[in-house]
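Colleague: Just passing along the structure, written as structure tokens.
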Amino acid sequence: MSLTRKYFKNTFLQKFMFCGLLLAGCITAVAQTDAGLQSLQQQFISAQQLPQEKTFVHTDKDFFLAGDILWFKVYVTDAFTNRPSALSTVAYVEVTDNDKKPVLQAKIKIDSGSGNGSFQLPTSVKSGNYTVRAYTSWMRNFSTDLYFASTITIVNTFRPLSIQAADTAAQYDMQFFPEGGNLVQNLPCKVAFRVIDRYGRGVNFDGKIIDQNGQQAAVFKPLKYGIGNFTFIPANGAKYTAVATINGRTISQALPEAYSDGYTLHVEGAGNKLQINIAGTGNAATVYLLVNTGNNIKTAQALQLQNGKTVYTIDKSALGDGITHFTVFNSQQKPVCERLYFKRPAQQLTIAIQPASQEYTQRSKVSVGIQTNGDGNIPVQADMSVSVYRIDSLQGLPRQNIMTWLLLNAGLKGTIENPAYYLDNTDAVASEALDNLVLTHGWSRYTWNDIMQNKAAPAYLPEYEGHIVTARVTDKKTGKPAADVTGYLTVPGKSFRLGIAKSDSSGMIRFNMKDFIGGDEIIVQTNQTADSTYRIDVINPFSDKGLTTAPSFTVSKDVQGLLLEHSIHTQAQNAYVGEKARQFYIAAADTIPFFGPARETYLLDDYTRFNTMEEVLREYVLEIEPRRQHGGFVLKVMDEPHSLFFDEDPLVMVDGVPFFNMDTVLALNPLKIRKLDIISQKYYYGPLVLSGIVSYTTYKGDLDGIALDPASLVQEYDGLQLQREFYSPKYDNPAINSSRIPDFRDVLYWSPNITTDAKTGKTQAAFYTSDVPGNYAIVVNGITADGKPGGNTYMITVK
């Protein structure tokens, strides 16, 4: 077992076993004497011991042209508390097309629950809607429902654009979702529905339910965004069809089949109470009700059916904020009904945006005050990201913010049209629309079947110390996984990175590559002198699960002129300030190797230059002794405290790449070697105990043509993304202000790292307007240390 996995098993899992004890403590208040109920509770505790994460991505805007830069910030939170996650230090961000293929990918460094990056959109990209998604390695162990996913539009003005097609009846989608999961004959059931067009937008219509004889059983009409509900009682043996009239066109869809036996679940609000109505057919007398918000059980009840019905009432105050699951189990502890309920948070992070003015001229300074308050309107510190961009018919206001995503979208399925409506409004219509939303997007049909199964150990480790490069070791002859094989991964260079790990029983090997930043070449190998029968392959760290397609994309004729304007702006910016927009933050390189300062360092230029490396070692390197053994050379390092040479071989490297054949090392041209570092003592690294370290460094740090073992795997591999600097000119003196260089920025400002003061909750942002007049949105997203998210938008005008 590798040290990484062993540490995970002995430390990480033990840490979160404590969470299980806390959950058990929560249940004591609702514990029942019924053995079946206790069994369900214990299964829930067992399934919830491991933490989970959610991600949110704030992009600078939603509409782009090929050649633009897409800026983004990633927030990683605990899935249950929304607190910034301390588990993962790497997030994976992708832009995927409608063929479910990645167009752009990046690994983003996460610090204290957030990180940021950017994508230069290639000029070869096709016009269309794309999906931005984000997740962590740890999230791959669970449902992809918690992956962040959002739609952006990219238009390539260098390619012909399709003209918007005429609508047809076939372009509407109608779906039905029985409350609780299924329709049951002779039992009343609320049925939620959703009707959308090909762009995923809800439509208005009139509908009716008819049986196989053409008799009308119910009528239905959407309340908001094409979503609504109706109630009816399915008759024995009847089959039902929904018929809807949309803009004079008629479409039809068969309703889900009604079962002869089963259960129904209906939840309705009455003031501060929720009434849970459960009905069933047959002779069943006992059902179990389990109510949980996140990983906390709010109540667990064993209920007796009287005449096939039972009612249970719970205070809304007993539920947690956000999404709560109501699950009904039969007497055999099998889930038979489930539905979601959303409780609006009483208090959240409020963000006040206070610019000095609402109107500005071109190339003028904009100062914006930002105030963050928490519960009781008390100032609170928040980690935030801010974008300022132009609003027009191509680029609208943001479709969602961090609050709507973490509290609503992340717990539901599919794309939600205008999620802010459900949280910003609290009237009766909005409350009913919110319940309709969770009945459709939250329809799960017994996900507890998966929750209750005993799950294997997580396949993906949390990257809490940096990026983990995963590879697979197989036997070259049999192709089967090889266990307990030591692998070596090097990012060569003057400041090289080296990872050493052992494969597990499935042949998987994981290299913890802390601070591996930027794209580079990696070299992966085994000790070919001892493990020549093995092959090692690096595995793609990005997930191929949960890929979705974005809504259909077309361009109408009335925006052709605006597209031309955007295209001119983008091309002008790339021509005049393109280099400034492509600057990266270059972090100070850590020139100290993993073993720290060497006990002895030899700069070969300070000594007589000999013709062979053997002469160099014998003449003035006292800590290393070349010996001939079995027809070849071996190197022995002196154990400095005891003035004796180790019996075991040392780790010998050139520019961080391990070499195992000492004949190759002694054949090195000394004129290519700048220095030699020696560790003359035992050194513990990864799974190995090294009998000294010998590290050669060439002048360029690139091996300088030194041949590798043919069995070594050499490939390009991207580490954590380098951070690009956002370019924003300052017109703070007359000479610059009168410059004839055009400034056609549509995005005036982007800052992913703004933090308000802990005492006052205040901070300031400042930027300059461009030469492009119009309405601009100041968009702020943020989250507090205790998991309260918030977002706000403010409009200014540039004349």
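Colleague: Evaluate the charge dipole of the stretch 367-517 about its Cα centre and quote only its size in Debye, nearest 20, assuming +1 on the Cβ of each Lys and Arg and -1 on the Cβ of each Asp and Glu.
Modeller: 1180 debye
Colleague: Suppose R0 equals 25 Å; then what is the FRET efficiency for Q105 and Y199 from their Cβ-Cβ distance, rounded to the nearest 0.05?
Modeller: My answer for the efficiency is 0.40.
Colleague: Okay, next question. So what is the accessible area of the stretch 362-444 per residue, in Å², with the probe set to 1.4 Å?
Modeller: 36 Å²
Colleague: For the stretch 251-336, just say rounded, prolate or oblate: build the C-alpha gyration tensor, square-root its eigenvalues into a ≥ b ≥ c, call rounded for a/c under 1.5, and beyond that prolate if a/b exceeds b/c, oblate if not.
Modeller: Here the stretch 251-336 falls in the oblate category.
Colleague: Only four residue types carry charge here, +1 at the Cβ of Lys and Arg and -1 at the Cβ of Asp and Glu. Report the dipole size of the chain about the Cα centre in Debye, rounded to the nearest 20.
Modeller: 1460 debye
Colleague: Read phi for every residue in the stretch 71-88 and hand back ³J(HN,Hα) as whole Hz from Karplus 6.51 cos²θ - 1.76 cosθ + 1.60, θ = phi - 60°, with x for Gly and Pro.
Modeller: 9, 8, 10, 10, 10, 10, 10, 5, 5, 9, 9, 6, 5, x, 6, 9, 8, 10
Colleague: Continuing with the same structure: Given a Förster distance of 30 angstrom, what is the FRET efficiency for D206 paired with E268, based on the Cβ-Cβ distance and rounded to 0.05?
Modeller: Efficiency, rounded to the nearest 0.05: 0.75.
Colleague: For the pair A530 and E465, how long in nm is the line joining their label points, each one 7 Å along Cα→Cβ?
Modeller: Going by the 7 Å Cα→Cβ label model, 2.1 nm.
Colleague: Of all accessible surface on the stretch 53-160 at a 1.4 Å probe, what whole percent is carbon and sulfur?
Modeller: Its accessible area is 47 percent carbon and sulfur atoms.
Colleague: Between V652 and residues 5 or more places away or on another chain, which pairs have amide H atoms under 5 Å apart, with H built 1.01 Å from N, and which residues are they?
Modeller: Answer set, sorted by chain and number: F659, V694.
Colleague: Of L305, Q212, G631, which is farthest along the charge dipole of the chain in the positive direction, counting Lys and Arg as +1 and Asp and Glu as -1 at C-beta?
Modeller: The residue sitting farthest along the positive end of the dipole is Q212.
Colleague: Among residues other than G719 whose Cβ falls under 13 Å from its Cβ, what is the net charge (Lys/Arg +1, Asp/Glu -1)?
Modeller: Every neighbour counted, the sum reads -2.
Colleague: Here's something else I'd like to know. Quick one: net charge around N753, please, counting Lys, Arg +1 and Asp, Glu -1 for every other residue with C-beta under 9 Å from its C-beta.
Modeller: For residues surrounding N753, the net value is 0.
Colleague: Going by the alpha-carbon gyration tensor, a ≥ b ≥ c the square roots of its eigenvalues, is the stretch 173-274 rounded (a/c under 1.5) or, if a/c is not under 1.5, prolate (a/b greater than b/c) versus oblate?
Modeller: Because a/c hits 1.5 or more and a/b fails to exceed b/c, the stretch 173-274 counts as oblate.
Colleague: Just to verify a number: FRET efficiency for A352 and E615, C-beta to C-beta distance, R0 = 56 Å, to 0.05?
Modeller: With a Förster radius of 56 Å, E is 0.15.
Colleague: Once you charge only the Cβ atoms, +1 for Lys and Arg and -1 for Asp and Glu, what is the size of the charge dipole of the stretch 112-225 about its Cα centre, to the nearest 20 debye?
Modeller: 300 debye
Colleague: With respect to the cross-link table entries K273/K298; K580/K730; K61/K100; K334/K545, which display a Cα-Cα separation exceeding 18 Å?
Modeller: Distance filter (> 18 Å) returns K61/K100; K334/K545.
Colleague: So for the chain, taking the charge dipole from beta-carbon charges (+1 Lys/Arg, -1 Asp/Glu), which of V798, Q573, L187 sits furthest toward the positive end?
Modeller: L187
Colleague: State in Å² the accessible area per residue of the stretch 73-151; use a 1.4 Å probe, count heavy atoms of protein chains only, and round to the nearest integer.
Modeller: Ligands and nucleic acids excluded, the result is 33 Å² per residue.
Colleague: Spelling out what I want: for every residue of the stretch 374-380, take phi, set θ = phi - 60°, compute 6.51 cos²θ - 1.76 cosθ + 1.60 (Karplus), and round to whole Hz; glycine and proline get x.
Modeller: Result, rounded to whole Hz: x, 4, x, 6, 8, x, 8.
Colleague: Please report, as a whole percent, how much of the solvent-accessible surface of the stretch 650-799 comes from carbon and sulfur atoms (probe radius 1.4 Å).
Modeller: 51 percent
Colleague: Sticking with this structure for a sec: For a paramagnetic label modelled at 7 Å from the Cα of R249 toward its Cβ, which residues of the stretch 186-201 fall within the zone defined by backbone nitrogen distances under 18 Å?
Modeller: Zone members listed by number: 194-201.
Colleague: May I pose another question? How much accessible surface does L397 have with a 1.4 Å probe, in Å² rounded to 10?
Modeller: L397 exposes around 100 Å² with every protein chain in place.
Colleague: Evaluate the distance, in nm, between pseudo-label points positioned 7 Å from the Cα of A35 and of K477 along their respective Cα→Cβ axes.
Modeller: Once both label points are built, they end up 5.5 nm from each other.
Colleague: For the residue pair N307 and Q362, what label-to-label distance in nm results when each label sits 7 Å from Cα along the Cα-to-beta-carbon direction?
Modeller: It is 7.8 nm.
Colleague: Provide the net charge surrounding L303, with neighbours chosen by a C-beta distance below 15 Å and charges set as Lys +1, Arg +1, Asp -1, Glu -1.
Modeller: Here the charged neighbours net out to 0.
Colleague: At a probe size of 1.4 Å, how large is the accessible area of M795, to the nearest 10 Å²?
Modeller: Around 80 Å² of this residue is reachable by solvent.
Colleague: Another question, then. Counting only heavy atoms of protein chains, what accessible area per residue, in Å², does the stretch 510-663 have with a probe of 1.4 Å?
Modeller: Value for the stretch 510-663: 55 Å² per residue.
Colleague: Enumerate the calculated ³J(HN,Hα) couplings along the stretch 600-616 in order (Karplus 6.51 cos²θ - 1.76 cosθ + 1.60, θ = phi - 60°), each rounded to whole Hz, writing x wherever the residue is Gly or Pro.
Modeller: Running phi through 6.51 cos²θ - 1.76 cosθ + 1.60 with θ = phi - 60° gives 9, 10, 10, 8, 5, 5, 7, 10, 4, 7, 8, 7, 10, 5, 4, 5, 4 Hz.
Colleague: What does a probe at N425 reach in the stretch 297-322, counting residues whose amide N is under 15 Å from the point 7 Å along Cα→Cβ?
Modeller: Under 15 Å, as judged by backbone N against the label point of N425, lies no residue of the stretch 297-322.
Colleague: Considering only protein heavy atoms and a probe of 1.4 Å, how much of the accessible area of the stretch 197-316 is carbon and sulfur, as a whole percent?
Modeller: About 41 percent, which is the carbon plus sulfur part of the accessible surface.
Colleague: Could you point to the residue in Q333, Y699, L563 farthest towards the positive end of the chain's charge dipole, with +1 and -1 charges on the Cβ of Lys/Arg and Asp/Glu respectively?
Modeller: Selected residue: Q333.
Colleague: Now for a different question. Taking 0.36 nm per residue of sequence separation and subtracting the Cα-Cα distance, how much length would be gained by fully extending the chain between N661 and I233, in nm to one decimal?
Modeller: In short, 146.1 nm is gained.
Colleague: Relative to the present Cα-Cα distance, how much length would full extension add between I741 and S124 at 0.36 nm per residue of separation?
Modeller: Residue separation times 0.36 nm, minus the Cα-Cα distance, leaves 219.4 nm.
Colleague: Which of the lysines could a cross-linker span from K682 if the Cα-Cα distance has to be under 27 Å and same-chain partners fewer than 8 positions apart are dropped?
Modeller: K682 reaches K6, K9, K494, K502, K514, K636.
The values are calculated or read from the model by the stated rules, or taken from the named source; none is laboratory data. This structure is a prediction, so every number in the text was calculated from the model and none was measured. Because the Cβ atoms are built from the backbone with ideal geometry, glycine has one as well, and the counts that use them run over all protein chains shown. Ligands, DNA and RNA are excluded from the accessible area calculation, which covers all protein heavy atoms including side chains. Shrake-Rupley method; radii C 1.70, N 1.55, O 1.52, S 1.80 Å.
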